[in-house]
Amino acid sequence: MKQSLEEKIVRSASRLFARKGFHTCTMRDIATAARVSTGAIYHYFPSKEDVYLAIVQREYRRRREMIEAKKLENPSTEELVRSAVILLFQMAEEYGKAEQLVLHLRVPETPRLRKEVRQLREELLQYVADLVETGVRRGTLRSCDPTIAATALIGMGEAVAGRALMGPASEYVMENGPEQLATMAWHALRPDKVDGAEPVEIDPKDPPKQKK
């Protein structure tokens, strides 16, 4: 599928911001990197802040879309947890250092951007927390605070992936990190066995009755 002009601008700006920094870049620099006119940039984005927000919004949207696509496959809870963690690494590997804009939250010091990015992170956190809460309710995840669990999942995924992009052992971490981190996440969240038996998934439409 042919890349749209707007997407071309966003991708080029993402790489440019990661390499030179937000404050150093100008709209003309973005136009040059995207090989379009400065007028074309302003047609889609009124300011440099809007370009930055488009980058961050795209990355958060992609995270959610990829998890939703996995859910359509009707995976087990373990498969869904593993996939959510591994997707962070796949995206980091695909976008390279441009992804560090999101992973390390290099949010430019402007009130508007701080507010907008904080809201995006809260939306992602709530999305993951809802997934965890569903698993707890069904009995396929151990009892825990969904918000704390979601914060831990997102935080460890971003931290390790970000480290992999910068560290000397990046190739090793990118190759082995996804599965190992996914395994650790599942071991932390999987429900305890009862009397040696595997936990049974519960239909959310027919929750178990509490003992009186």
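Here are the numbers for this structure:
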| quantity | calculated |
| --- | --- |
| Test set (1) over 18 Å from HIS23 (Cβ atoms); (2) at pLDDT 85 or above; (3) charged (D, E, K, R) - ARG63 fails condition number | (2) |
| Index of the failed condition, ARG137 passing every other in (1) within 18 Å of VAL85 (Cα to Cα); (2) surrounded by 13 or more Cβ atoms within 10 Å (Cβ to Cβ); (3) modelled with pLDDT of 90 or more | (1) |
| Qualifying residue in region 84-93 (condition: modelled with pLDDT of 80 or more, crowded, with 20+ Cβ neighbours inside 10 Å, assigned to a helix (DSSP H, G or I) and not small (Gly, Ala, Ser)) | yes |
| Subset tally (residues that are basic (Lys, Arg) and surrounded by fewer than 17 Cβ atoms within 10 Å (Cβ to Cβ)) for region 46-69 | 4 |
| Answer from GLU109, GLU179, GLU198, GLU122 - the residue that is modelled with pLDDT of 85 or more and exposed (fewer than 13 other Cβ atoms within 10 Å of the Cβ) | GLU122 |
| Top-ranked residue in region 32-64 [being assigned to a helix (DSSP H, G or I), without any contact (Cβ under 8 Å) to a residue 12 or more places away in the chain and not charged (D, E, K, R); ranked as nearest to TYR127 (Cα to Cα)] | HIS43 |
| Condition check for ARG114: under 29 Å from SER47 (Cα atoms), surrounded by 14 or more Cβ atoms within 10 Å (Cβ to Cβ) and at pLDDT 75 or above | no |
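The values are calculated or read from the model by the stated rules, or taken from the named source; none is laboratory data. Predicted, not measured: the structure shown is a model, and the values here were computed from it. Cβ: placed from backbone, ideal geometry, glycine included. Neighbour counts: every protein chain shown.
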